[in-house]
Every structure is written in C-alpha cells, then in structure tokens.
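Since the structure comes first, as structure tokens, the remarks are kept for the end.
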Amino acid sequence: DIQMTQSPASLSASLGETVTIECRASEDIYNGLAWYQQKPGKSPQLLIYNANSLHTGVPSRFSGSGSGTQYSLKINSLQSEDVASYFCQQYYNYPYTFGAGTKLELK
Amino acid sequence: EVQLQQSGPELRRPGSSVKLSCKASGYSITDYLMHWVKHRPEHGLEWIGWIDPEDGETKYAQKFQSKATLTADTSSNTAYMQLSSLTSEDTATYFCARGQLPGYNPNWFAYWGQGTLVTVSS
C-alpha cells in the first residue's frame with residue numbers, strides 16, 4: 001500500500017496569513033493526488049485534484065503543487081471559514097490511501 | 001444536482017451486522033463507481049472499496065475484504081454496504097462517495113454522502 005505522510009498534524013495561523021500543508025507519498029504517485037477540507041460533523045469537500053487543479057467553486061486562495069512523492073496545499077490570505085481539517089488522498093493505485101490530516105486553527 | 005443521501009445512525013451489539021444505504025439522485029448510479037470510506041477521528045480516513053452498480057463488480061481494500069459487502073439496487077438508485085461481525089473497531093462514520101470521472105478511471109471524490117455513524121457497544 002502507498003503510505004501518505006502528512007505534516008504538520010496541527011497548525012495555528014492568523015487571519016490573512018499564508019499556510020502550507022505537505023504530503024509525502026511512499027512512492028511516486030504521478031500527480032494522482034487530491035486535497036479535501038473537512039469541518040466537524042460534515043463530509044469532506046474536494047479542494048484540489050490531479051495535484052494542482054482547483055475544483056469548481058473552490059476559492060482561488062487554495063492551490064496545490066508538487067510532483068513525484070512530494071505535494072503541498074497552500075492557502076493564501078487565511079479566512080475564518082478555512083478553520084477545518086485537511087486531508088490528502090492518493091488515487092494513483094489501490095487501495096486509495098489518505099494522509100492522517102492537518103487540523104488548522106486560528107491563532 | 002448530484003446528491004448522496006445516507007441512512008441514519010445505527011447502534012449495534014458486538015458480533016452483529018448492519019446494512020447502510022446511500023441513495024443517489026441527480027444521476028444514474030450505473031454510470032459511476034460508488035466508493036465507501038471509513039472515518040474515525042483518531043485514525044483518519046480509510047478507503048473501504050467500490051462497487052460498479054452496473055454489473056455488481058466490487059473491489060475492496062484487503063483489510064475490509066471480510067468485513068464489508070457492497071451491493072447496489074439500480075431500480076432505486078441506491079448503494080448499500082453491509083458490515084459483519086461488528087466490534088468496537090467498527091465504531092466510525094461511514095461515507096459513500098462518487099468519483100468525478102465515470103468508469104474505472106483513477107478517481108478523486110467530488111461527491112460525498114453526509115455520513116452514517118455506526119456505534120458498536122454492548
């Protein structure tokens with residue numbers, strides 16, 4: 001199975017700040033990577049697919065980058081509604097696997 | 001508009017089984033694989049498997065091979081997941097999710113159900 005190592009596990013940032021979350025795959029996943037946002041009691045919401053494609057309706061302050069085994073999600077100009085947990089997911093190979101998540105809080 | 005409506009919370013005794021449903025609207029379930037995902041806050045998200053409702057073909061993550069059984073009823077546009085021999089480890093929220101792309105393409109999950117909380121307790 002492909003292991004997804006996500007960091008940091010938690011993150012505290014101020015409004016307007018830029019934050020970056022990283023995911024490292026245990027092998028090359030050829031950009032088969034998605035990022036999701038999940039708020040308490042809600043289902044995950046797709047943000048980014050194919051490592052760097054913004055899903056319809058997602059604010060442009062979210063962006064994804066990376067290749068090979070290293071990927072990142074960047075949130076520019078943090079807003080209060082961005083407080084949530086964030087997960088990466090590889091879909092390059094079965095079984096699909098997820099990172100452990102990053103909990104983003106306001107400082 | 002694509003929507004996935006899941007059944008309500010379940011409380012089960014250890015050793016029993018439970019069957020969850022996921023009713024799709026806004027599209028035909030025969031056009032897309034239906035995936036299921038397990039979520040425990042302390043363990044993160046785990047992919048359980050998928051079913052192709054068109055022909056009933058299934059694919060499971062190895063650890064769920066003997067735990068989960070995926071089925072679908074095309075007449076009601078509904079997918080199901082049965083979990084057997086329940087233990088406390090099965091206490092979790094279970095999501096159905098649909099990929100963005102039709103068919104067997106590698107897929108990210110653009111649509112999710114609201115989740116069903118299963119609690120296993122004596």
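For B:Asn77, the criteria (1) open to solvent by 40 Å² or more (accessible area, probe 1.4 Å); (2) over 19 Å from A:Ala34 (Cα atoms); (3) not aliphatic (A, V, I, L, M) hold in every case but one, which is (1). Of the residues that make up the range B:7-27, is at least one surrounded by fewer than 13 Cβ atoms within 10 Å (Cβ to Cβ) and of a type in the set (Asp, Glu)? Within the range B:7-27, none of the residues are surrounded by fewer than 13 Cβ atoms within 10 Å (Cβ to Cβ) and of a type in the set (Asp, Glu).
Against the condition more than 10 Å from chain B (Cβ to nearest Cβ), open to solvent by less than 10 Å² (accessible area, probe 1.4 Å) and under 25 Å from B:Glu46 (Cβ atoms), how does A:Leu33 come out, does it pass? It is false that A:Leu33 is more than 10 Å from chain B (Cβ to nearest Cβ), open to solvent by less than 10 Å² (accessible area, probe 1.4 Å) and under 25 Å from B:Glu46 (Cβ atoms). Test of understanding: among A:Leu73, A:Leu47, which residue is among the aliphatic types (A, V, I, L, M), under 23 Å from B:Gly113 (Cβ atoms) and under 14 Å from the mean Cα position of the chain (by Cα)? Just one listed residue meets the conditions, A:Leu47. Specify which of the listed residues (A:Tyr94, A:Tyr86) is in contact (Cβ under 8 Å) with a residue 12 or more places away in the chain and either assigned to a loop (DSSP other than H, G, I, E, B) or touching a Ser or Thr at 6+ places or on another chain (Cβ under 8 Å) (or both). Sole residue among the options that is in contact (Cβ under 8 Å) with a residue 12 or more places away in the chain and either assigned to a loop (DSSP other than H, G, I, E, B) or touching a Ser or Thr at 6+ places or on another chain (Cβ under 8 Å) (or both): A:Tyr86.
If you go through the range A:92-102 and keep only what is within 10 Å of chain B (Cβ to nearest Cβ) and under 14 Å from the mean Cα position of the chain (by Cα), you end up with A:Thr97, A:Phe98, A:Gly99, A:Ala100, A:Gly101. Tallying residues that are within 17 Å of A:Tyr91 (Cβ to Cβ), free of Cβ contacts under 8 Å to residues at least 60 places away in the same chain and small (Gly, Ala, Ser) within the range A:13-42 yields 2.
Identify the residue in the range A:43-80 that is in a loop (DSSP other than H, G, I, E, B) and touching a residue at least 40 places away in the same chain (Cβ under 8 Å) and, among all such residues, is surrounded by the fewest Cβ atoms within 10 Å (Cβ to Cβ).
Checking each candidate, the answer is A:Ser77.
Exactly one residue among B:Gln100, B:Gln62, B:Gln6 is within 14 Å of chain A (Cβ to nearest Cβ), at pLDDT 95 or above and over 11 Å from the mean Cα position of the chain (by Cα), and that residue is B:Gln62. Checking each residue in the range B:105-114 for being surrounded by fewer than 22 Cβ atoms within 10 Å (Cβ to Cβ) and small (Gly, Ala, Ser) picks out only B:Ala110.
Taken over the range B:17-62, the criterion of being aliphatic (A, V, I, L, M) and closer than 14 Å to B:Thr74 by Cα is satisfied by B:Ala24, B:Ile29, B:Leu33, B:Met34, B:Ile51.
All of (1) acidic (Asp, Glu); (2) more than 18 Å from B:Tyr104 (Cβ to Cβ); (3) within 13 Å of the chain's Cα centre (by Cα) hold for B:Asp52 with one exception: (2).
The values are calculated or read from the model by the stated rules, or taken from the named source; none is laboratory data. Every value quoted in this text rests on a predicted model; they were computed, and no experiment measured them. Using ideal geometry, Cβ is built from the backbone for each residue, glycine included, and neighbour counts are taken over all protein chains shown. Remember, those area values only see protein heavy atoms, side chains included, never the ligands or the DNA or RNA. Shrake-Rupley method; radii C 1.70, N 1.55, O 1.52, S 1.80 Å.
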